[in-house]
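**Q** The structure is given below, and queries will be raised subsequently.
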Amino acid sequence: EMTIQQKRVYKAVLERNRKFLGRGSHMKELPQLVMIIAELRKICNHPYLCRGSRAAIEDDDKTDKIQRKKKEGEDFKPNDVLVDASGKIVLLMKLIPKLKAEKSKLLIFSQFTTTLDLIEEFLHKYKHRFCRIDGSTPGTIRGRIISYFNDPANEIDIFLLTPRPGGLGLTL
């Protein structure tokens, strides 16, 4: 399910609300609203993929925390907006520990390399070891990356891929 942040950005794109999308960003960072369907697909993965929305989401998150703190008198506890902003990342956050406990390997495919970039940011932040192959990975090292992933001694259990990394028939 989409998170509140995803729904806000999704609605702003549908309404072509440049004021919301441009908060805290330069005009050149605003999303190109010509390709609405592509933008909406990106938002369903993570709202940060809509150009210029990261600053607006992080600003809203700070405001929401301050308001909750005032209402409930709770201590200010920072959470991870990168995770909380996307239902798919929330699901990954829950699934990865379970899959690791089962000694399963996880393949994550995305047509958008920018989605893989965000997932990579998340994996780095939480110190998960992973491999990645996309269209920019040189063909000369793809086979070595796959061998490294398949080697049980390396304890790598997450692989990020685009559907067509090209040049190799992948056997993982």
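**Q** Given the pairs Lys11/Lys94; Lys11/Lys42; Lys7/Lys100, which span a C-alpha to C-alpha distance of over 22 angstrom in this model? Numbers along the way, then the final one.
**A** On the way: Lys11/Lys94 27 Å; Lys11/Lys42 13 Å; Lys7/Lys100 31 Å.
Those over the limit are Lys11/Lys94; Lys7/Lys100.
**Q** Leaving ligands, DNA and RNA out of it, report the carbon-plus-sulfur percent of the accessible area of segment 75-138 at a 1.4 Å probe.
**A** The value for segment 75-138 is 59 percent carbon and sulfur by accessible area.
**Q** For a protection proxy built on the mean count of beta-carbon atoms within 10 angstrom, sort 12-19, 85-92 highest first, please. All intermediate terms of the calculation are to be shown ahead of the outcome.
**A** Values: 12-19: 14.8, 85-92: 19.6.
The packing order, highest mean first, is 85-92, 12-19.
The values are calculated or read from the model by the stated rules, or taken from the named source; none is laboratory data. Owing to the predicted nature of the structure, the values given are computational and were not obtained by experimental measurement. Cβ: placed from backbone, ideal geometry, glycine included. Neighbour counts: every protein chain shown. Accessible surface is based on the protein model in full, side chains and every heavy atom, while ligands, DNA and RNA are left aside. Shrake-Rupley method; radii C 1.70, N 1.55, O 1.52, S 1.80 Å.
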